[in-house]
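> Let me begin by handing over the structure; questions about it come next.
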Amino acid sequence: MDESRTIYLARWQEGQLTAWVDEGHYRWDLSSLRINAKPLQELAPVDDPALQQALADLRDNEKLFDAGSLIVPFVVEEGTWRAIGMTEKGQQVAIEYDTDTGLEIRGAT
């Protein structure tokens, strides 16, 4: 059986990191998905210092998260929400999310 993990979907817009569903008391729970862990083990290194700090602050301030929590900060590019992750073998993968089609992880880039 494949190992699964919970990922948390976030939006990075105008210098703010917010839960995908940004309302109510359970916004991070409502912004989470269980996925097969194999194609998405971790985030690719984040280049943006402001986003790095926002992720660190979120881990420090939100009781739900620990060092092992996978928070995926999506940035909108050409109308599509995108992020870059890493497989368990260290290959980069493109992650896209759309409310109509859901989460898509595209193979090594």
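The values are calculated or read from the model by the stated rules, or taken from the named source; none is laboratory data. Fair warning: this is a prediction, and the values are worked out from it, not measured in the lab. Cβ sites come from the backbone with ideal geometry, for glycine too, and all protein chains shown count toward neighbours. Note: accessible area is taken over every heavy atom of the protein model, side chains too, but ligands, DNA and RNA are not part of it. Shrake-Rupley method; radii C 1.70, N 1.55, O 1.52, S 1.80 Å.
> Looking only at the stretch 80-91, which residues are open to solvent by less than 80 Å² (accessible area, probe 1.4 Å) and over 13 Å from the mean Cα position of the chain (by Cα)?
Once the filter is applied, which keeps residues that are open to solvent by less than 80 Å² (accessible area, probe 1.4 Å) and over 13 Å from the mean Cα position of the chain (by Cα), the stretch 80-91 yields Thr80, Thr87, Gly90.
> Ala50 - would you say it is aliphatic (A, V, I, L, M) and touching a Lys or Arg at 6+ places or on another chain (Cβ under 8 Å)?
In short, no.
> Could you check the stretch 30-62 and list, in sequence order, the residues that are among the charged types (D, E, K, R) and either under 20 Å from Gln16 (Cβ atoms) or open to solvent by less than 20 Å² (accessible area, probe 1.4 Å) (or both)?
Those that are among the charged types (D, E, K, R) and either under 20 Å from Gln16 (Cβ atoms) or open to solvent by less than 20 Å² (accessible area, probe 1.4 Å) (or both): Asp47, Asp48, Asp57, Arg59, Asp60, Glu62.
> For the stretch 70-79, which residues satisfy the criterion of being open to solvent by 20 Å² or more (accessible area, probe 1.4 Å) and either under 14 Å from the mean Cα position of the chain (by Cα) or under 12 Å from Trp12 (Cα atoms) (or both)?
Listed by number, the residues that qualify are Val75, Val76, Glu77.
> Which numbered condition in (1) over 14 Å from the mean Cα position of the chain (by Cα); (2) modelled with pLDDT of 90 or more is the only one that Thr109 fails?
The failed condition is (2).
> Does Ala10 count as in contact with a Leu (Cβ under 7 Å, 6 or more places away or on another chain) and either assigned to a strand (DSSP E or B) or acidic (Asp, Glu) (or both)?
yes
> Residue under question is Ala94, and the condition is that it be out of contact with any Leu (no Cβ under 6 Å at 6 or more places or on another chain) and not polar (S, T, N, Q); does it hold?
yes
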